[in-house]
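A short write-up of the structure that comes next.
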Amino acid sequence: MSDAEPAAVRAGFCAIIGLPNVGKSTLLNRILGRHLVAVSAKPQTTRDRILGVHTIPPAGDAPGAQIAYVDTPGVQDGKGPLRRYMRDASVAAAADADVVLLLVDGTDRRGRLPARLTEPDAAALAEAARTHPMVVAINKVDRMGKPDILPVIEAWAAWRAGIDIVPISAAAGDNVEALEQAIAKLLPVGPPLFPEEMVTDRPPQFIAQEIIREQLYHQLGKELPYACAVQVETWSERADKNEVTIGAVIVVERESQKPIVVGRGGSRIRELGIAARQALGSALGKTVHLNLFVKVLAEWSRGETALRRLGYGGEGEGA
Ligand SMILES: Nc1nc2c(ncn2[C@@H]2O[C@H](COP(=O)(O)OP(=O)(O)OP(=O)(O)O)[C@@H](O)[C@H]2O)c(=O)[nH]1
Ligand SMILES: [Mg+2]
């Protein structure tokens with residue numbers, strides 16, 4: 001290899017994989033500097049693989065790179081078509097990637113150490129590391145004492161030789177640039193794959209659905225968010241006023257779930273609407289008018305056709 005020529009641009013796909021709740025979506029939002037995907041304290045928030053493109057301009061000796069990140073649902077076992085779809089989405093994203101970024105929650109006593117993973121998780125990760133260049137990021141170090149961080153780094157360094165291990169805080173942004181440099185140097189040399197200004201392949205309607213869905217995780221109890229899907233049905237923009245009016249439906253699985261989402265005298269859905277409208281306004285950079293409705297689509301998470309209607313599965317899912 002010769003380093004005499006000007007350093008070449010690198011570009012390619014990086015799949016972000018890891019157990020549920022480790023902070024994969026938080027990291028992607030942080031890298032892109034905008035709220036693209038739903039984040040919540042509840043596991044299994046991400047349902048689909050989502051593409052987020054970061055074009056890093058050249059700076060000093062660094063030649064610049066374009067990293068096309070694919071956020072994935074947390075790897076885990078589970079039954080039912082939705083779970084299966086989520087699992088397939090992660091496996092496929094990792095298989096298609098040029099580099100795999102394994103994100104580990106440094107505060108999770110079990111998941112933070114390779115020796116404590118369950119057998120299927122360990123096998124899936126070993127396979128990803130065997131077939132792809134990999135970087136391991138230890139996340140949430142803002143909540144760890146320094147003496148706790150080192151043994152976790154050492155455990156992953158011992159797991160596979162020659163892998164970069166980068167401690168980060170996705171929430172605070174600490175060390176995220178160093179992580180991106182570690183990923184970039186493993187990408188193939190080549191021109192950018194996407195236009196420089198492109199951030200995602202998803203339309204604004206999808207981003208709106210994610211933001212509304214995130215509010216469901218924040219505002220509904222433990223179980224219900226998993227029974228909900230969000231579908232944007234109408235979208236009308238007034239460019240002259242920088243305004244958009246969005247009509248969205250919250251889909252639940254059973255008649256009995258409807259009043260819980262609506263709340264007493266409509267209070268819950270009103271609150272959801274206010275919070276979602278604010279979040280949408282800042283994500284889209286527009287004034288947002290939001291009309292929310294609730295609809296029952298019986299057992300949607302169990303039916304392949306209903307899943308497809310709600311955008312899970314079928315064509316056009318990112319990378
Ligand atoms: N303290 C701290 N919390 C974080 C950090 N990164 C993420 N979190 C929190 O961890 C929780 C899970 O974050 P997500 O980004 O939704 O995790 P995920 O890996 O995408 O989860 P799934 O989509 O369910 O697989 C949220 O409550 C985040 O606010 C971090 O660096 N520090
Ligand atoms: Mg996620």
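Observations on the structure shown:
- Failed item in (1) in a helix (DSSP H, G or I); (2) closer than 17 Å to THR55 by Cβ; (3) of a type outside the set (Val, Ile, Thr), with ARG213 passing the rest: (2)
- Test result for ILE183, within 28 Å of ALA126 (Cβ to Cβ) and part of a strand (DSSP E or B): no
- Residue within the range 255-263 that is without any contact (Cβ under 8 Å) to a residue 60 or more places away in the chain, closer than 22 Å to VAL37 by Cα and not in a helix (DSSP H, G or I) present: no
- Scanning the range 103-116 for residues that are in a loop (DSSP other than H, G, I, E, B) and touching a helix residue (DSSP H, G or I) at 6+ places or on another chain (Cβ under 7 Å) yields GLY106, THR107, ARG110, ARG112, LEU113.
Residues are listed down the side, and each one gets a yes or a no for (1) crowded, with 17+ Cβ neighbours inside 10 Å; (2) in a helix (DSSP H, G or I); (3) in contact with an Asp or Glu (Cβ under 8 Å, 6 or more places away or on another chain):
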site	(1), (2), (3)
TRP156	yes, yes, no
ALA178	no, yes, no
PRO195	no, no, no
ALA208	yes, yes, no
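- Residue count for the range 11-26 under the criterion of being more than 7 Å from ligand 1 (Cβ to nearest atom) and either among the charged types (D, E, K, R) or part of a helix (DSSP H, G or I) (or both): the result is 0.
- Residue satisfying condition, being crowded, with 17+ Cβ neighbours inside 10 Å, basic (Lys, Arg) and at pLDDT below 85, within set ARG110, ARG87: ARG87
- Condition broken by ARG34, with the remaining ones in (1) part of a loop (DSSP other than H, G, I, E, B); (2) within 14 Å of ligand 2 (Cβ to nearest atom); (3) out of contact with any Phe, Trp or Tyr (no Cβ under 8 Å at 6 or more places or on another chain) satisfied: (2)
- Matching residues in the range 34-48 - criterion: being over 17 Å from PRO203 (Cα atoms) and more than 6 Å from ligand 1 (Cβ to nearest atom): LYS42
- Counted residues, the range 52-76 - those being within 16 Å of ligand 2 (Cβ to nearest atom) and among the acidic types (Asp, Glu): 1
- Subset of the range 1-44 that is among the polar types (S, T, N, Q) and modelled with pLDDT of 75 or more - its residue that is surrounded by the fewest Cβ atoms within 10 Å (Cβ to Cβ): SER40
- Some residue of the range 86-106 being among the basic types (Lys, Arg), within 16 Å of ligand 2 (Cβ to nearest atom), more than 22 Å from TRP159 (Cα to Cα) and out of contact with any His (no Cβ under 9 Å at 6 or more places or on another chain): yes
- Pairs meeting the criteria (first residue in the range 41-62 and at positive phi, second residue within 16 Å of ligand 2 (Cβ to nearest atom) and not aromatic (Phe, Trp, Tyr), beta carbons under 9 Å, at least 6 apart or on different chains) are GLN44/PRO20; GLN44/ASN21; GLN44/PRO73; GLN44/GLY74; GLN44/GLN76; GLN44/GLY78; GLN44/ARG83; GLN44/MET86.
- Residues located in the range 294-314, provided they are in contact with a helix residue (DSSP H, G or I) (Cβ under 7 Å, 6 or more places away or on another chain) and free of Cβ contacts under 8 Å to residues at least 40 places away in the same chain: ALA306, GLY314
- Among the candidates VAL152, VAL136, residue that is surrounded by 13 or more Cβ atoms within 10 Å (Cβ to Cβ) and assigned to a helix (DSSP H, G or I): VAL152
- Among the criteria (1) in contact (Cβ under 8 Å) with a residue 24 or more places away in the chain; (2) surrounded by 14 or more Cβ atoms within 10 Å (Cβ to Cβ), the one ASN291 does not fulfil is (2).
The values are calculated or read from the model by the stated rules, or taken from the named source; none is laboratory data. Note that this is a predicted model, so its numbers are computed, not measured. Reconstructed Cβ throughout: ideal geometry from the backbone, glycine too, with neighbour counts over all protein chains shown.
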